[in-house]
1. Can you work out the PRE-style zone for residue 106? Point 7 Å along Cα to Cβ, and I want the residues of the range 72-98 with backbone N under 20 Å.
2. Quick check on the range 3-131: what are the equivalent-ellipsoid semi-axes from the Cα gyration tensor, as sqrt(5λ), descending, whole Å?
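Every read-out reported here was derived from the displayed coordinates using simple, explicitly stated rules and does not represent laboratory data. Predicted, not measured: the structure shown is a model, and the values here were computed from it. Glycine gets a Cβ as well: all are built from the backbone with ideal geometry, and neighbour counts include every protein chain shown.
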């Protein structure tokens, strides 16, 4: 099902996710939304702002939502390790109701998404996709 249609069906169109999916493995099921960090937004960004520019927008819809999100996890693919760390730090400081797991594009280029590439806020361990939402 198209992501925007699924979000509208659940009255969550304001979330603007890049994808919705279901991962089935060894009898376990994880429903998830995925967001892709596109990096700094705009042309005139100061060097010191590049590592955080655009990150807050990825999660704004979840902070404003009063509805429960019917997924086991929200996955975020950060542009690089520095932006991944910034996201995780922000999520420790200001947690969200749905479980958020973060990885980087580089990790997904080198590993399968079901490998131990997903990090949770406040937890240094990398987890497998099937271990999320459990």
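1. 76-90
2. Numbers: eigenvalues 103, 73, 36 Å².
Over the Cα atoms of the range 3-131, the ellipsoid semi-axes are 23, 19, 13 Å.
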